[in-house]
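Colleague: Got a structure for you, questions after.
The values are calculated or read from the model by the stated rules, or taken from the named source; none is laboratory data. These numbers were taken from a predicted model, which means no experiment stands behind them. Positions of Cβ are backbone-derived with ideal geometry, glycine not excepted, and every protein chain shown enters the neighbour counts.
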Amino acid sequence: MQNGHFHRFRDTAAVGWLAAGLSIEEVAALLGNSPNVVIKHYSPWVLERQRVLEAKVQASWGKLPKVRSNLRLVGTNRPPAA
């Protein structure tokens, strides 16, 4: 392989491990990195992980408690839309 270097394989391995379901902490341990490094550099490349996160966020929207407030919008006498 021309211009091959260790980090090319490291990146492939990290993304593959995340895609296979290893946790961020497990991948960090295998790479000798912190979980923050794995999140920053490798996690965004795992499409399935992004889909799962998006689905969890969307599912949480329906579970948010309804909050009533007596606050008024600045400059008006009307309450915020519910």
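Colleague: Here are Gly32, Gly62: which of them is small (Gly, Ala, Ser) and at pLDDT 85 or above? Reasoning before the result, please.
Modeller: Details: Gly62 fails: at pLDDT 85 or above.
Answer to the check: Gly32.
Colleague: Just to be sure I understand, how many residues within segment 15-46 are without any contact (Cβ under 8 Å) to a residue 12 or more places away in the chain, among the aliphatic types (A, V, I, L, M) and not in a loop (DSSP other than H, G, I, E, B)?
Modeller: 3
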